[in-house]
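Peer 1: Below you'll find the structure I mean.
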Protein chains: 2
Amino acid sequence: MLRAEVKEKLIQIVGPKNLLDSQESLLVYSYDATPNYQAMPDAVIKPRNTQEIQEIVKVCNEFKVPIVPRGSGTNLCAGTCPLEGGIVMLFTHMNKILEIDEENLTVTVQPGVITLDMINAVEEKGLFYPPDPSSMKISTIGGNINENSGGLRGLKYGVTRDYVIALEVVLPNGDVIRTGGKLAKDVAGYDFTRLMVGAEGTLGVITEATLKLIPIPETKKTMLALFDSLEASGAAVSSIIANKIIPATLEFMDQSTLEVVEDFAKIGLPTDVGAVLLIEQDGPREVVERDIEKIAEICREQQAKSVQIAQTAEEGLALATARRAALSALARKKPTTILEDATVPRSKIAEMVKAIDEIAEKHQVEICTFGHAGDGNLHPTCMTDARNQEEIERVEEAFADIFAKAIELGGTITGEHGVGVMKAPYLAWKLGEEGVNAMKTLKFAFDPNNIMNPGKVFAKETKKRVVVQR
Amino acid sequence: MLRAEVKEKLIQIVGPKNLLDSQESLLVYSYDATPNYQAMPDAVIKPRNTQEIQEIVKVCNEFKVPIVPRGSGTNLCAGTCPLEGGIVMLFTHMNKILEIDEENLTVTVQPGVITLDMINAVEEKGLFYPPDPSSMKISTIGGNINENSGGLRGLKYGVTRDYVIALEVVLPNGDVIRTGGKLAKDVAGYDFTRLMVGAEGTLGVITEATLKLIPIPETKKTMLALFDSLEASGAAVSSIIANKIIPATLEFMDQSTLEVVEDFAKIGLPTDVGAVLLIEQDGPREVVERDIEKIAEICREQQAKSVQIAQTAEEGLALATARRAALSALARKKPTTILEDATVPRSKIAEMVKAIDEIAEKHQVEICTFGHAGDGNLHPTCMTDARNQEEIERVEEAFADIFAKAIELGGTITGEHGVGVMKAPYLAWKLGEEGVNAMKTLKFAFDPNNIMNPGKVFAKETKKRVVVQR
């Protein structure tokens, strides 16, 4: 519970309507989309502008009250779970698209804008914001920036970080800084813009962002290639890239995912194959036609069992939707779905998927794998039951093995979901103790009272396990 | 001069051949490509590997000896001038291309590799490293990363930062960290990769880098459009982008630059026009043809006096070479050439160039302007004489006015050259005191003894001038 003095100061800033602390409100914001994590905040606050946020941060810094900035809470690393209490900060009042600048190809937004709303608004003007996290229908841009969200188009177009060019940020000491600008080139000092992207709300509160846009691709084409084996699909991925083609999306589903998706979506996907690649290319019509033909040829060379090119936009959309439905489909099977995002260099995809299968077998847990094959970003997904403590422990052991394997292959513990609470114990496996120490140095230089989203990124304890040698 | 004890420790690490402190050696490394800055180092050191660098850093940190990492010294912000003495660190022994990975589209290099050598090596494999700083024939990749170098292709392809995906860095405390990986997606902790890019050697020594590559564009076409007025050329730039075309390069030269370039290169450029745009598009043949035709049409609509499309690759190259020769050509005119890189949002180009002309007039100095119109990155270049103290003061006043104007238009004091010593007094104009303080917090958290390239980025004194309101 907040001290009366603190509560009063906060109410003075945002007004009584914008500070919630009823049991129901606290309960609603005690968890996010991540299974198995819950902690009660002391209050929920809804500031109306940057100045209010600045004042809130100053009060919280003085009284050492944690602040957990939260968009729609769709993250999968428990990044917005208020682990150490404090206030959950919502951006429901700061949800405006401030400007779409067609001359400089930028959009300026408040953090509370829903990602898809912004995407739709810029597409109406013939412009394109490529990052497309699966949660985009409900996620906010502020959340995307804090998590450096990825998506299906990462291979060709990059991730959120690649589109953030200017930020307004309230630092833990209450200073408001503006980074970057509507500028393709800016080297005036350290790159605080990218430092804030993906910092998971641990370095400050993002209050405004300017994003780079590009012209919308002229056209798009979708295809599906079926393979008997994982290895064949992996070889096809490598061969497409080695042939100097960078598709807009290059998605992978293993046999078990496919089965579940077809059962859910009923669009006639075959379920007796080893792996599927869903491939989209976008761009000028001639190029798309040529690339898709060439990709089809490569898939056939790599022993694809069948290659199906969508003949209409609707057919393409149905295929893409099937892939996007993977998580929902898997979530139906068991009470708890744990979706991870171990990521490896693209050339190691087949090896990694095979290792995941072996690890699942070893720990006797059920894991399906799908994901962004083009950028090596896999989503091994475990269907389990959080109430079964014994099974959950095996699940955790399995994921620990998966992270270790990813790192062994030159990969990382998280490609797009963030560290949050969930992966904090494994961070040193990727970065080494020196790397984690460097990050702690930075964190505590900015936030000596540890008020910004405490308990995230840095674990109190790391897993007792030999650090993987790189 | 180094203390005998320090010198001995350093010699123990690198061997006597790799520690130079003759007067000639010190003189050679007392300055870089930036006019008007010179300071003698105490020694020059040439480590052979990361471990030696780690040991050197530890000694320097213990004895508080400055380290100035230096590639080829081509920077234009006095970033490698050893302002506070200490040792200049050279990477002549660490100049290998370690790997070109065709499956993952990456190249891994040591910092001392010459940029163009690496570009040529990857192009031989059909791959492409887009950043093309004008100094690429002699600059090193390590230097490019430390300065976050730009180039002519920034508009379409971005800058060095957009291609660095993994680094090995020796931190000021001697810890060696590895950031990132051969990964399109990696959100394991703060983005130290991009934090190090453009940090101008003030946060650590970069000892290895992995860079992202893309497939080499199929073809390229070049054109030249002449305009009677600045405004017309600026309108053409805006209109090209507004028509959703992103050319590979979109370069601008004003009338006075043109005159000097033609006098130097003698390739038949007209000198009686107000401004010239040099435009290149690359990509699939059909798209290039279509884009170039469309761009020509737009230029004509915007009152271009003439539009000339290069019919052969050689003709295209001649045009591009003329633009690349701008600095050399200007440098012939007067003993001292000061090249700046004030940058504005693309839509403000014409306004900015006009303001530069007025500022030059006001201070009675000679300034030609050329640069990367597509990304708003201008190079107002002053031809002067460093021996004429009175004139140099006027030149400095003029550049101060130019920086203030750039910021007023939403721009920055440096688009691609870096802050170094030269622009340090102006940094607060762009970032505000809060922004500079945040950067200092970071710097001194990592480098409390200020051994890494001291005197850069942060000025001892800022210009006594009202901070420009944003």
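Each reported figure results from applying straightforward, stated rules to the coordinates on display, with no laboratory input. Quick caveat, the model's predicted, so the values are computed rather than measured. Positions of Cβ are generated from backbone atoms using ideal geometry, with glycine treated the same way; all protein chains shown enter the neighbour counts.
Peer 1: Quick one: helix A:255-265 against the long Cα principal axis of chain A, what's the angle to the nearest 10°, folded into 0 to 90?
Peer 2: It works out to around 80 degrees.
Peer 1: What is the packing order of peptides B:211-218, B:323-330, taking the mean over residues of other C-beta atoms within 10 Å and listing the highest first? Write out the running numbers ahead of the final one.
Peer 2: Values: B:211-218: 18.1, B:323-330: 20.5.
Output ranking for B:211-218, B:323-330: B:323-330, B:211-218.
Peer 1: Now for a separate question. How far, in degrees from 0 to 90, does helix B:427-446 lean away from the longest principal axis of the Cα atoms of chain B, to the nearest 10?
Peer 2: With rounding to tens, the tilt is 30 degrees.
Peer 1: May I ask for the distance between the Cα centers of the range B:175-221 and the range B:354-368, given as a whole number of Å?
Peer 2: Computed from Cα coordinates, the inter-centre distance equals 39 Å.
Peer 1: Rounded if a/c is under 1.5, else prolate if a/b beats b/c, else oblate: with a ≥ b ≥ c from the C-alpha gyration tensor eigenvalues square-rooted, which is the range A:219-327?
Peer 2: Details: a/c = 2.02, a/b = 1.22, b/c = 1.65.
Oblate shape, in that a/c is at least 1.5 and b/c is the bigger or equal ratio.
Peer 1: Using Cα pairs under 8 angstrom and six or more residues apart, how large is the relative contact order of the range B:219-324, in percent? Before the final figure, lay out the partial values.
Peer 2: Values: 175 pairs, mean separation 50.0, N = 106.
Rounded, it is 47 percent for the range B:219-324.
Peer 1: Using a cut-off of 11 Å between beta-carbons, work out the net charge of the residues near residue A:310 (Lys and Arg +1, Asp and Glu -1, residue A:310 not included). The partial results should precede the final answer.
Peer 2: Details: positive: A:220, A:221; negative: A:280, A:314, A:315.
It works out to a net charge of -1.
Peer 1: Follow-up. Averaged across the residues of B:240-249, what count of C-beta atoms belonging to other chains lies within 10 Å of each residue's C-beta? Mind dumping the intermediate values first?
Peer 2: Values: counts 0, 5, 6, 2, 10, 1, 3, 0, 0, 0.
Across the residues of B:240-249, the mean count of other-chain Cβ atoms within 10 Å is 3.
Peer 1: Shortest first and in nm with one decimal, please list how far the residue B:286 label point sits from its counterparts in the other copies (point 7 Å along Cα→Cβ).
Peer 2: Nearest first, the other copies' label points are 0.6 nm away.
Peer 1: Then there is this: Give the dimensionless ratio obtained when the Cα radius of gyration of the protein assembly as shown is divided by 2.2 N^0.38 Å. Walk me through the numbers on the way to the answer.
Peer 2: On the way: Rg = 27.6 Å, N = 940, 2.2 N^0.38 = 29.7 Å.
Normalised Cα radius of gyration, the protein assembly as shown: 0.93.
Peer 1: May I ask for the Kirkwood hydrodynamic radius of chain B, worked out over all distinct Cα pairs and given in angstroms to one decimal?
Peer 2: On the way: mean 1/r = 0.0433 Å⁻¹.
For chain B, the Kirkwood estimate is 23.1 Å.
Peer 1: Kirkwood Rh, the range A:330-419, all Cα pairs: how many Å?
Peer 2: Its Kirkwood hydrodynamic radius stands at 12.9 Å.
Peer 1: Which whole number gives the average count of other chain Cβ atoms within 10 Å of the Cβ atoms across peptide A:410-419? Could you put the intermediate results ahead of the total?
Peer 2: Working: counts 6, 6, 8, 4, 5, 6, 4, 2, 3, 4.
Taking the mean over all residues of the peptide, I get 5.
Peer 1: Considering only A:127, A:189, A:144, whose Cα is most displaced toward the positive end of the charge dipole of chain A, charges sitting on Cβ of Lys, Arg (+1) and Asp, Glu (-1)?
Peer 2: A:189
Peer 1: Looking only at other chains, what is the average number of their beta-carbon atoms within 10 angstrom of each beta-carbon in B:434-445?
Peer 2: Values: counts 8, 11, 2, 4, 14, 5, 3, 6, 8, 3, 1, 8.
The shielding value for this peptide is 6.
Peer 1: Taking +1 at the Cβ of each Lys and Arg and -1 at the Cβ of each Asp and Glu, which of B:329, B:69, B:429 sits farthest along the dipole of chain B towards its positive end, judged by Cα position relative to the Cα centre?
Peer 2: Of the listed residues, the answer is B:69.
Peer 1: Based solely on its DSSP helices, what 222 nm [θ] is calculated for chain B when runs of n ≥ 4 H residues each add -39,500 (n - 2.57) and the sum is averaged over all residues, nearest 500 deg cm²/dmol?
Peer 2: On the way: 15 runs with 170 residues, N = 470.
Using -39500 (n - 2.57) per qualifying helix, the result is -11000 deg cm²/dmol.
Peer 1: Return a whole-number percent for the relative contact order of the range A:4-90, with Cα pairs under 8 Å and 6 or more residues apart as the contact set.
Peer 2: Details: 148 pairs, mean separation 31.5, N = 87.
Value for the range A:4-90: 36 percent.
Peer 1: Going through the cross-link list A:125/B:244; B:334/B:362; A:423/B:212; A:185/B:46; A:244/B:182; A:333/A:405, which pairs have a Cα-Cα distance over 22 Å in this structure?
Peer 2: The answer is A:423/B:212; A:185/B:46; A:333/A:405.
Peer 1: What is the magnitude of the charge dipole of chain A about its Cα centre, with +1 placed on the Cβ of each Lys and Arg, -1 on the Cβ of each Asp and Glu, and no other charges, expressed in debye to the nearest 20? Display every interim value, and only then the final one.
Peer 2: Details: 51 positive and 66 negative charges, 165 e Å.
It comes to approximately 800 debye.
Peer 1: How high is the relative contact order of chain B, given as a whole-number percent (alpha carbon pairs under 8 Å, six or more residues apart)?
Peer 2: On the way: 1016 pairs, mean separation 70.6, N = 470.
Normalised by residue count, the contact order of chain B is 15 percent.
Peer 1: Compute, for the protein assembly as shown, the length of the dipole vector about the Cα centre, with Cβ point charges of +1 (Lys, Arg) and -1 (Asp, Glu) only. Units Debye, rounded to 20.
Peer 2: Numbers: 102 positive and 132 negative charges, 284 e Å.
Around 1360 debye, computed over the protein assembly as shown.
Peer 1: Another question, then. Angle between the Cα long axis of helix A:230-242 and the longest principal axis of chain A, 0 to 90 degrees, nearest 10?
Peer 2: So the inclination is approximately 80 degrees.
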